[in-house]
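In what follows, a structure is listed as structure tokens, so that the remarks can point back to it.
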Amino acid sequence: MKPRIGIITYGDDPHGFLIKKKIEEQHGAWCCLIPCDELALRGKLTWSTQSGEPALLPTVDGQTVDVKTLDALWYRRMSPKQILPDGADATYHQHINATVERVVEGILVNEFQGRWVSHPVATRLAENKLVQLRAAARAGLRIPATLVSQDPAGIRSFCSQHPGAIIKPVATPRGVELARTAEVSQELLDSDDVLALTPAIYQECIPGERHLRISVVGERCDAALIEAKDLDWRFDLNVPFRPYPLDASFEQGLHRTLRELRLVMGIFDVKLTDEDEPVFLEVNSQGQFLFIEGLCGIPLADQFAAFLVDQAVQPVSPRPSVDMW
Amino acid sequence: MKLIPAVFFQKKVNGVEAAAKSPERLELFESELREVVGGALRAAGAAGAVVRAEGGCGCPTTYSGSQGWLDLASADD
């Protein structure tokens, strides 16, 4: 019987479409896309306490899939915002968003019996930068000295101890204004009201111009070296990208970090010091990776499709209970 | 002026930086991706399953709140 794989993501996510195509064409497996932002629009969400009832979710091709029949599920995105059907009163948009999100989460956690990539609870927790920094440290990786605070005196003290300290957001919700990583200015340090409004991440600046974007999927680690002067290289990709071999002990640290976070994949951002020491900056539990393939040719999409198929044919691990977290 | 979070205050201090053009090889890769998505959506459309507005290429006109096809700068990605 063909392995059956589900991908839950936005209805127009190119990552999802490409991986589905590769799963079908290269492995002959069955794959469906569940459009997480079109669930209110497409309808058909149903769950029941009665045993034997299918647990149906809509798919992008207009069908439904019983999640009980899936062997693996790539939990790539869950939308906080639903596209509303014509005629829906936008006053109730937040109600609809929250309701759909809870129902889908409940259906998946209750009824999906296969292997998660990765579990929703682990995914959500791992998005917390405070949690992931501590996990990386426990895993033996070097992390930058970090303060997360809205206390002006504490922030000034930290920045005086770490000249050139940087500031970056604790969280960046999708669809809102972006703020890039930047050096903390004196003007900011002089603005008590601004510092006190909300916490931010203040961090030791790791000097150097060599960044690593590392895709860790199952047992594989694939790193790209990015040579960029900018602290935040994401906004100008016209810089050298090339594959970069990793030290085996560092790879083990990356795997340990994922295990700490109960993730089966993660996209790491790391900076290399001038002495070649890798310093963990953050891990994205469902980070973007296709652009790395486009920029330096590492066949990440092929590898990821093969990984999902492999997950689908593996024995199912014990279901995590809520108290695991 | 209303108070704004420190990360956006720092962004204002640093001033607006012009968006860099995407590298040519990435543009090419993206166009191939668009073909994959567009083809899939056209197939779904033929089956009557597409539920959102499309641009001329058969691709969706929005990206579900993301910043672009590769979504790199969006959210915590």
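Derivation of every value follows stated rules applied to the coordinates shown; laboratory data play no part. Note that the structure is a prediction, hence the values are computed from the model and not measured. Quick reminder, even Gly has a Cβ in these numbers, built from the backbone with ideal geometry, and neighbours come from all protein chains shown.
Quick notes on this structure:
- With respect to chain A, whose longest principal axis is taken over its alpha-carbon atoms, helix A:129-138 is tilted by about 80°.
- Residue mean of other protein chain beta carbons inside 10 Å, A:283-295: 5
- Here the Karplus curve 6.51 cos²θ - 1.76 cosθ + 1.60, taken at θ = phi - 60°, turns the phi angles of the range A:61-75 into couplings of 8, x, 9, 10, 10, 8, 5, 5, 8, 8, 8, 8, 9, 8, 8 Hz, with x standing for Gly and Pro.
- Residues with amide H under 5 Å from that of A:Thr64, placed H, sequence gap 5 or more: A:Thr59
- Alpha-carbon centroids, the range B:11-33 and the range A:237-270: separation in whole Å: 24 Å
- Label zone at B:Leu28 (point 7 Å along Cα-to-Cβ), backbone N below 15 Å, the range A:275-319: A:293-298
- Around the amide H of A:Thr9, modelled in the peptide plane, lie the amide H atoms of A:Ile34, A:Cys36, A:Arg77, all under 5 Å away and 5 or more residues distant in sequence or on another chain.
- Two numbers describe the Cα atoms of the range A:173-283: Rg and Dmax, which are 16.1, 47 Å.
- Proxy reagent accessibility, fewest Cβ within 10 Å first, across A:Arg213, A:Arg42: A:Arg42, A:Arg213
- Set against the 2.2 N^0.38 Å expectation for a compact globular protein, the range A:145-203 has a Cα radius of gyration ratio of 1.07.
- Across all directions, the average projected area of the convex hull around the alpha carbons of the range A:4-117 is 7.2 nm².
- For peptide A:3-10, the mean count of partner chain Cβ atoms within 10 Å of a residue's Cβ comes to 1.
- For chain A, adding -39500 (n - 2.57) for each run of n ≥ 4 DSSP H residues and dividing by the number of residues yields -10000 deg cm²/dmol at 222 nm.
- Taking the C-alpha atoms only, the angle from helix A:93-111 to the longest principal axis of chain A is near 70 degrees.
- Here chain A carries DSSP beta bridges of which approximately 75% are antiparallel, counting only pairs with both residues inside.
- Here the translational diffusion coefficient of the protein assembly as shown follows from Stokes-Einstein with Rh set to the Kirkwood radius across Cα pairs; for 4 °C and 1.567 mPa s it amounts to 58 µm²/s.
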